[in-house]
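The values are calculated or read from the model by the stated rules, or taken from the named source; none is laboratory data. Here the structure is a predicted model, which means the values were calculated and not measured. Here the Cβ is made from the backbone with ideal geometry for all residues, glycine too, and neighbour counts use every protein chain on show. Calculation scope for accessible area: heavy atoms of the full protein, side chains included, ligands and nucleic acids excluded. Shrake-Rupley method; radii C 1.70, N 1.55, O 1.52, S 1.80 Å.
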Amino acid sequence: MTIDQVLVKRREIATCRVAAAPFPTLAPGQVLVRVGDFALTSNNVTYAVAGERIGYWKFFPVDADWGLVPVWGFGEVIESMCDSLPVGARFWGFLPMASHVVMEPGRVSGRGFADAAPHRASLPPVYNQYALTNSDPVELAAVADARSLLFPLLTTSYLIADYLADNVMFGAQQVIIGSASSKTGFGTAHFLGALLDRPKTITGLTSAGNHAFTQGLGLYDRIVRYDEVANLDASVPTAYVDMSGDSTVLAALHRHFGANMKASIGVGVTHWDAPPLREPLPGATPSFFFAPTHIQKRDAQWGAGEMIRRATVANMAFVARLGDQLAITRRYGAQAVADAYRGLVAGTTPPSQGLILGFEAEVAA
């Protein structure tokens with residue numbers, strides 16, 4: 001019996017392959033987890049792009065050339081050498097793009113546990129936390145797909161909006177969101193409206209092909225195509241939230257707004273293959289938004305877990321509002337997972353589609 005994996009080439013993220021690894025022998029304190037349904041979005045492409053810089057390859061290490069991209073989804077303990085997490089325990093959290101994984105539970109409570117594997121000790125704690133789901137309330141169990149597909153992205157959206165609100169918008173009167181059709185993009189638009197009571201203009205920047213979908217969401221004050229940047233009013237103090245990572249668009253916006261570019265916040269890299277910036281830009285210096293850092297700040301101010309609690313409540317309300325605007329597509333099997341990953345990297349997955357994947361189909365209890 002083997003573990004199925006979809007491995008991604010760490011320095012050539014468009015290259016992936018299906019591989020098999022031997023089943024391990026568990027050490028005391030470890031559990032073997034079957035990875036169930038999980039979501040795959042452009043966020044996972046960002047994990048691959050930033051794998052070396054931020055350390056996403058370190059969560060489920062393979063070797064120096066190939067890695068396992070982390071995903072958000074459900075797991076079930078199928079073998080246990082840990083008394084506090086028995087066989088049959090089900091949970092939700094950060095998992096590898098593989099059929100099984102060995103974990104080392106620590107600090108197990110009625111609500112969840114942390115993976116205390118030594119190699120994860122230096123990694124951001126938020127990714128090491130897992131929520132037990134066997135006794136989920138009905139309202140949370142009912143949105144299981146959205147929990148994997150949207151909650152991680154919408155939590156990032158909520159954090160970005162809170163970060164901007166906390167910094168009084170850096171003096172901006174307008175927020176431009178790049179890759180506005182992305183889930184993190186339109187989630188940010190929604191939460192900016194909610195947290196700031198929409199006193200500013202929220203502009204979505206998108207491609208011609210995604211214009212209709214983005215417009216139909218009804219979350220932006222204005223939708224602008226990438227080739228229309230020059231038509232924007234350059235006198236308006238602006239904050240740019242960059243989900244695309246497209247350096248050409250970033251440079252065009254900075255040059256257009258000049259000193260009126262008050263904040264330039266990088267979040268995602270949907271345009272992961274864009275050339276790197278090679279010259280300083282006018283206006284605010286572009287910086288990367290790392291969600292765990294803002295969580296740690298709010299946890300220190302509000303108490304541990306309060307930031308995520310607020311985001312989860314907001315996420316559930318927003319998912320209910322979205323309704324059926326996202327169509328769920330299910331695919332199972334290692335090759336299907338690999339094909340879905342390649343489609344996301346190539347940019348051929350439409351924004352209206354939500355991918356729920358697995359190495360084997362879930363069996364109803």
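The table that follows gives values for the structure above.
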item	result
Additional length obtainable on full extension of the chain from Asn167 to Arg309, 0.36 nm per residue less Cα span	49.0 nm
Calculated [θ] (222 nm, deg cm²/dmol) that DSSP helices of n ≥ 4 give over the chain, each run adding -39,500 (n - 2.57)	-9000 deg cm²/dmol
Potential extension, Asp221-Ser122 segment - 0.36 nm per residue separation minus Cα distance	31.5 nm
For Gly36, distant residues with modelled amide H under 5 Å away	Phe74, Gly75, Glu76
Cβ charges +1 (Lys, Arg) and -1 (Asp, Glu), total dipole of the chain, debye	440 debye
Per residue, the convex hull volume that the Cα atoms of the stretch 210-337 enclose (Å³)	187 Å³
Within the chain, longest stretch free of exposed trypsin sites (Lys or Arg not before Pro) [DSSP loop, at most 14 other beta carbons within 10 Å]	112-277
Degrees separating the helix 334-346 axis from the principal Cα axis of the chain, which is the longest one	10 degrees
Loop-resident sites, the stretch 12-118, for GluC sites (Glu not before Pro), counting at most 14 other Cβ within 10 Å (DSSP)	Glu12
Charge context of His256, other residues only, Cβ under 13 angstrom, K/R +1, D/E -1	-2
Rg(Cα) / (2.2 N^0.38 Å) computed for the stretch 3-131, rounded to two decimals	1.01
Heavy atoms of Asp37: accessible area, 1.4 Å probe, square angstrom to 10	20 Å²
Computed label-point distance, nm, for sites Glu12 and Ala64 using a 7 Å Cα→Cβ extension	1.7 nm
The stretch 52-123, relative contact order [Cα under 8 Å, separation at least 6], %	26 percent
Label-zone membership for the stretch 124-142, site Arg330, 7 angstrom Cα→C-beta point, backbone N under 15 Å	142
DSSP beta bridge pairing in the chain, given as percent antiparallel to the nearest 5	60 percent
Top positive-direction residue, dipole computed over the chain with Cβ charges, set His254, Val18, Gly88	His254
Å² per residue, accessible surface of the chain at 1.4 Å	42 Å²
Compactness relative to 2.2 N^0.38 Å, alpha carbon Rg of the stretch 171-230	1.03
Descending semi-axes in whole angstrom, ellipsoid equivalent of the stretch 284-359, from the Cα gyration tensor	31, 19, 14
Sites Val236 and Arg111, calculated FRET efficiency, Cβ-Cβ separation with R0 56 Å, nearest 0.05	0.80
From phi via Karplus (6.51, -1.76, 1.60), per-residue ³J(HN,Hα) for the stretch 227-235 in Hz, x at Gly/Pro	7, 10, 4, 5, 8, 6, 6, 6, 7
Whole-number percent relative contact order across the chain, with pairs defined as alpha carbons under 8 Å at least 6 apart	18 percent
Sequence-distant residues sharing a close amide H with Ala116 (under 5 Å, placed H)	Glu104, Gly106
Sulfur and carbon atoms: percent of accessible area, the chain [1.4 Å]	53 percent
